[in-house]
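Beneath this line is the structure, given in structure tokens, with notes to follow.
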Amino acid sequence: MKPLLILTLGAALAAGACGTTTSDTADTSANSGNGAAAGGSAQPAAARAAAPARPVYREVTIPAGTALPLALTSSVASDTSAVEDAVTAELTRSITIDGRDALPAGTRLAGVVTEVDGSGRVKGRAMIAFRFTSLRTGDQQYDVQAKPLSHLAPATKGEDATKIGIGAGAGAVIGGLLGGKDGAAKGAAVGGGAGTGVVLATKGREVRLGPGADVTTRLTAPLTVRVRMSEG
């Protein structure tokens, strides 16, 4: 009798223990599920609030004929540069379209030397020509169609005439001292020839432009660039 009572009591206690464990486990699982659901809905909202604003861009067209004031950042010279040598420059002021800076000051331009003539003797005058073919603003690079720039050395005709005159005058003085009027005439002819020889042997001035030299080109075709407008 006692063994049977003990077995019955033990079975009842075991059943009670199992019921409690199952219920607790279910409650815990339900609570965990509800917490995950709540957290899952909160996280995307927080992520959206923390996401940085994206910049908004608009395309702006700079019309043909627009002047681009530049300062060279490289050197060019009629006696040292060669065709296809690189030339670089920066905008000295911004280009504004509809009240916004389409190209800010400091925009970098790049191009090449297109023609070079060193100074000649008597008739030749030194010259150098170059044009810009691209520009970079921010992280964007654009092809550019711009007017070629050429620089011509100043004429030296006045200086040449002075040299020839000095030669003739000196010859006349020497000829006059040696042989009167006839000697003076002959001396002037000889002296003038000597002065001309000096000019023939002397090259004219060269064209040299260094960093910081101001130059201005113009667009020969419209240029469309992306301009940052605001944060979206």
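The values are calculated or read from the model by the stated rules, or taken from the named source; none is laboratory data. All values reported here derive from a predicted model rather than from experimental measurement. For neighbour counting, all protein chains shown are included, and Cβ atoms are generated from backbone atoms with ideal geometry for every residue, glycine included.
Structure notes:
Yes/no matrix, rows are residues, columns are (1) of a type in the set (A, V, I, L, M, F, W, C); (2) at pLDDT 85 or above; (3) within 36 Å of the chain's Cα centre (by Cα); (4) more than 30 Å from residue 68 (Cα to Cα):
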site	(1), (2), (3), (4)
128	yes, yes, yes, no
173	yes, no, no, yes
187	no, no, no, yes
190	yes, no, no, yes
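- Residue 53 vs. criteria over 19 Å from residue 226 (Cα atoms) and modelled with pLDDT under 90: no
- Odd one out for residue 211 among (1) farther than 30 Å from residue 114 by Cβ; (2) at pLDDT 80 or above: (1)
- Lone unmet requirement of (1) over 21 Å from residue 224 (Cβ atoms); (2) at pLDDT 95 or above for residue 14: (2)
- If you go through region 95-115 and keep only what is of a type outside the set (A, V, I, L, M) and either closer than 17 Å to residue 212 by Cα or not assigned by TED's automatic domain parsing to the domain that holds residue 220 (or both), you end up with 106, 107, 108, 111.
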